[in-house]
Amino acid sequence: MEERSQNRISEIKLFNTLTHKKENFTPINKNEIKMYSCGPTVYSYAHIGNFRTYIFMDCLRRMFKYNGFKMNHVMNITDVGHLTSDADSGEDKMEKAARKEGKNPYEIAKFYTDAFLKDMKLLNIDTPEVITKATDNIPQMLSMVEEIVSNGYGYETSKGIYFDVSKLDKYPVLSNNDLSGQEAGARIDIDEEKRNPYDFALWIKAPENHLMKWDSPWGKSYPGWHIECSAMSRRFLGENFDIHTGGVDHIPIHHENEIAQCKGAFGHNPANFWMHCEFLLVDGGKMSKSLGNIYTIEQLQEKGIEPLAYKLFCFSSHYRNKLNFTFEGAKSSQVALNRLRKGFLLHKNSNEDIDETIINSLEIRFNDAINDDLNMTEAMSILWEAIKLKAKSKKIANLIMKFDEVLGLDIKNSEKYIKKIEDNIPDEIMQLAELRKIAKANKEWTKADEYRDKINEMGYTIKDMPNGEATIEKIM
Ligand code: AMP
Ligand code: ZN
């Protein structure tokens with residue numbers, strides 16, 4: 001095992017939702033990790049809760065790369081089939097958004113996919129090797145549904161094709177045999193044609209006015225939400241891969257049903273490890289439209305919180321614990337991030353003597369922490385120990401840059417960020433300038449002007465330079 005990497009010091013242990021315990025991780029292939037992550041449903045902006053789950057996904061893939069593995073990581077973009085309730089009722093989220101915004105669902109999908117990818121970049125989240133849209137995988141989904149039906153696990157009703165969960169040896173397998181937490185179709189929308197309350201839609205017959213529909217043996221129709229992930233993981237990773245990730249809300253419905261579909265099509269659960277990120281709460285409660293507390297990355301920036309400070313904020317709790325978002329908490333993370341950058345620069349610009357054993361011990365402990373089911377709080381405390389060492393040395397700066405391969409906080413560019421602080425430009429103004437730059441790059445001129453006006457209102461001017469950068473000055 002050791003020849004694979006110099007970095008890999010300790011065994012990798014990961015919590016597997018399937019077995020409800022931490023297990024030693026052994027990959028299927030020696031050098032490569034095959035991983036699938038449920039991606040966004042692109043009917044609106046992704047919120048900071050969603051991004052907690054993608055930051056977790058990013059740490060996981062970065063941890064593997066740090067340990068010397070190659071990644072073969074697939075993430076889907078859901079642009080069809082996710083109904084307003086996860087349990088197969090209501091309208092398709094894409095179609096609903098399209099009607100509301102007066103666009104077609106493909107335009108909606110493109111707009112929000114671009115917005116999602118832009119935020120991923122701002123958060124310095126590594127791009128998975130494959131990002132694939134559900135609508136680009138319709139033939140694979142359809143043929144999987146046909147296999148499921150011909151294997152005796154699916155049946156037709158007037159609404160569509162349903163999976164018969166009673167045909168399985170066991171259902172559910174992830175959620176501790178407890179069906180009480182699951183929104184069964186039977187309880188919210190009694191469907192007399194379903195054989196069992198927990199049977200779910202594989203393929204849905206499209207009403208006349210439905211916009212996204214395809215030819216199938218059952219007429220014009222469209223996929224159920226769960227089939228896309230089963231078909232896409234199979235297409236890009238095969239019938240057995242290492243890890244499947246998502247948020248905890250996916251455990252009782254979406255992931256349970258993915259496993260069921262794979263058993264129905266080819267006889268077994270596809271992923272060795274199922275890993276789930278706990279929810280981000282806001283002010284101690286759920287995020288909801290009615291409470292007006294669903295924040296986007298852009299809204300944090302408008303309040304002077306950098307996307308990377310939000311990432312640092314996420315490291316303040318283990319991914320399996322709930323994390324409570326408050327603006328005070330996020331602002332403290334912004335202060336901590338700036339402190340971290342300054343501490344890093346002190347090391348980078350010094351050459352004091354430092355005992356090699358100190359460096360080795362920090363490195364071993366950091367590796368142990370990340371390999372122990374991504375213990376990021378411990379990893380961060382080791383990073384701070386390194387930063388705070390009395391002796392300042394380039395060697396420590398190099399170690400911190402190495403740690404940052406897992407953290408993804410762009411520490412190597414600390415100078416650039418600190419320069420802006422030293423120019424005494426407040427965080428809010430810096431972030432508004434950043435948003436204006438993005439709006440200009442996207443040719444969203446009205447939006448760019450709005451940010452300029454906000455900057456002016458706050459007492460600063462912003463001038464564009466010929467090199468594309470902008471200078472900010474206080475209005476005297
Ligand atoms: P969706 O776009 O609704 O399919 O969600 C995208 C991802 O975000 C999924 O993996 C969800 O499980 C996850 N997610 C949704 N809400 C939260 C939250 N409040 N905290 C953490 N993850 C979330
Ligand atoms: Zn999925």
Could you tell me whether Tyr319 is open to solvent by 10 Å² or more (accessible area, probe 1.4 Å), in contact with a Leu (Cβ under 7 Å, 6 or more places away or on another chain) and of a type outside the set (Val, Ile, Thr)?
yes
Name the single residue, out of those in segment 261-285 being of a type in the set (Gly, Ala, Ser) and in contact with a helix residue (DSSP H, G or I) (Cβ under 9 Å, 6 or more places away or on another chain), that is nearest to ligand 2 (Cβ to nearest atom).
Ala271
Residue that is most open to solvent (accessible area, probe 1.4 Å), among those in segment 266-296 that are touching a residue at least 40 places away in the same chain (Cβ under 8 Å) and hydroxyl-bearing (Ser, Thr, Tyr)
Tyr295
Residues within segment 58-74 that are open to solvent by 10 Å² or more (accessible area, probe 1.4 Å) and in a helix (DSSP H, G or I), tallied:
2
Matching option when the condition is open to solvent by less than 10 Å² (accessible area, probe 1.4 Å) and either touching an Asp or Glu at 6+ places or on another chain (Cβ under 6 Å) or not in a helix (DSSP H, G or I) (or both), among Ile28, Ile77
Ile77
Of (1) exposed (fewer than 15 other Cβ atoms within 10 Å of the Cβ); (2) under 29 Å from the mean Cα position of the chain (by Cα), Phe366 satisfies every one except (1)
For segment 241-340, list the helices (runs of 4 or more DSSP H) that sit wholly inside it and hold at least 2 residues that are aromatic (Phe, Trp, Tyr) and under 30 Å from Lys416 (Cβ atoms); which are they?
307-314
As an exercise: evaluate Glu228 against (1) within 14 Å of ligand 2 (Cβ to nearest atom); (2) touching a Phe, Trp or Tyr at 6+ places or on another chain (Cβ under 9 Å); (3) assigned to a helix (DSSP H, G or I) and give the number of the one condition it does not meet.
(2)
Consider only pairs whose beta carbons are under 6 Å apart and that are at least six residues apart or on different chains; among these, list those whose first residue lies in segment 313-326 and is free of Cβ contacts under 8 Å to residues at least 40 places away in the same chain and whose second residue is small (Gly, Ala, Ser).
Phe313/Ala330; Phe313/Ser333
Residues in segment 238-256: is at least one in contact with a Gly (Cβ under 7 Å, 6 or more places away or on another chain) and crowded, with 24+ Cβ neighbours inside 10 Å?
yes
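The values are calculated or read from the model by the stated rules, or taken from the named source; none is laboratory data. The structure presented is a predicted model; accordingly, all values stated were derived computationally and were not measured. All Cβ positions, even for glycine, are placed from backbone atoms using ideal geometry, and neighbour counts span all protein chains on display. Note: accessible area is taken over every heavy atom of the protein model, side chains too, but ligands, DNA and RNA are not part of it. Shrake-Rupley method; radii C 1.70, N 1.55, O 1.52, S 1.80 Å.
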